[in-house]
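**Student:** There's a structure below that I have some questions on.
The values are calculated or read from the model by the stated rules, or taken from the named source; none is laboratory data. Just so it is clear, the structure is predicted and the values come from calculations on it, not from any experiment. We place every Cβ from the backbone using ideal geometry, glycine too, and count neighbours over all the protein chains shown. To get the accessible areas, we keep the full protein, side chains included, count just its heavy atoms, and leave off ligands, DNA and RNA. Shrake-Rupley method; radii C 1.70, N 1.55, O 1.52, S 1.80 Å.
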Amino acid sequence: MARVILFNKPMGVLSQFTDKGNAESPRSTLSEFVEVKGVYPAGRLDRDSEGLLVLTDDGRLQARIASPKFKRPKTYLVQVEGTPTEDQIRALREGVELNDGPTRRAECVAIDPPDLWPRNPPVRFRKSVPDAWLSLTISEGRNRQVRRMTAHVGLPCLRLVRWSVGDWSVEGLAPGEWRDA
């Protein structure tokens, strides 16, 4: 039976077990948090994003989770700069035209600020610029897609937390914690 691990990836951690980057600038990797042999991330989560990262020891399952052709929904809690209008939310729902083509339709709703763990470093606060939260569910996973989508409609992303992948959720996990699914 496949092993599936749900990991709450902190901001600043690479979605890989080793860093082949600059030796003078060591970056945190999964190996600092998950000491389980033979598991690998099913998909990626950018270094400046946080939240659910699914790991598994089953290559076929890994491909099914990560591949957009299986349309596994991924829900993100997104703090954006500005106050979303109905037109902006509608555009995100209908899909937007990015430089690598149109995105699929998405589920998008404005939400109250979620009860999340503190981010390190914290999001910068500006009195003169409002911010808001969206719940955005997509069924594909292009490079930095959610950030590019919200920026495209005029809502730059301040914080991005992947909350769930399919039925798996990060609920109950503190940053850096993991559990078997």
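**Student:** Which whole-Hz ³J(HN,Hα) couplings does the range 149-154 yield from phi under the Karplus relation 6.51 cos²θ - 1.76 cosθ + 1.60, θ = phi - 60°, glycine and proline marked x?
**Tutor:** After applying 6.51 cos²θ - 1.76 cosθ + 1.60, I find 5, 5, 5, 4, 8, x Hz.
**Student:** For the chain, state the average projected area of the convex hull of the C-alpha atoms over all orientations, rounded to one decimal in nm².
**Tutor:** Here the figure is 11.3 nm², rounded to one decimal.
**Student:** Next up: About its Cα centre, how strong a charge dipole does the range 1-153 have in debye, to the nearest 20, once Lys and Arg get +1 and Asp and Glu get -1 at the Cβ?
**Tutor:** Numbers: 25 positive and 20 negative charges, 83 e Å.
The calculated dipole for the range 1-153 is roughly 400 debye.
**Student:** Also, I was wondering about something else. Can you pick out the pairs among K9/K74; K9/K37; K9/K71 whose Cα atoms lie more than 25 Å from each other?
**Tutor:** Distance filter (> 25 Å) returns an empty set.
**Student:** Tell me, what is the FRET efficiency for R179 and H152 to the nearest 0.05, using R0 = 25 angstrom and their Cβ-Cβ distance as r?
**Tutor:** E between R179 and H152, to the nearest 0.05, is 0.10.
**Student:** What ranking, highest mean first, results for peptides 48-56, 137-145, 150-158, 33-41 when packing means the other Cβ atoms within 10 Å averaged over each residue?
**Tutor:** 48-56, 150-158, 137-145, 33-41
**Student:** Between K37 and R104, what is 0.36 nm times their sequence separation minus the Cα-Cα distance? Round to one decimal in nm.
**Tutor:** Full extension of this stretch gives 20.6 nm more.
**Student:** Just subtract the alpha-carbon distance of D48 and F125 from 0.36 nm times their residue separation and send over the number in nm, one decimal.
**Tutor:** Numbers: separation 77, 0.36 × 77 = 27.72 nm, distance 1.73 nm.
Fully extending the segment from D48 to F125 adds 26.0 nm.
**Student:** Show V129, V109, V96 ordered by accessible area, largest first, where the area counts protein heavy atoms only and the probe is 1.4 Å.
**Tutor:** My answer, sorted largest first, is V109, V129, V96.
**Student:** A follow-up question, please. Only Cα pairs under 8 Å and at least 6 apart count here; give the relative contact order of the chain as a rounded whole percent.
**Tutor:** Normalised by residue count, the contact order of the chain is 32 percent.
**Student:** Hey, what's the range 26-145 come to in accessible area per residue, 1.4 Å probe, Å²?
**Tutor:** 58 Å²
**Student:** Leaving out ligands, DNA and RNA, what percent of the accessible area of the chain is carbon and sulfur, probe 1.4 Å?
**Tutor:** 49 percent
**Student:** Please state the relative contact order of the range 1-105 as a whole percent: Cα pairs under 8 Å, 6+ residues apart?
**Tutor:** Once divided by the residue count of the range 1-105, the mean separation gives 24 percent.
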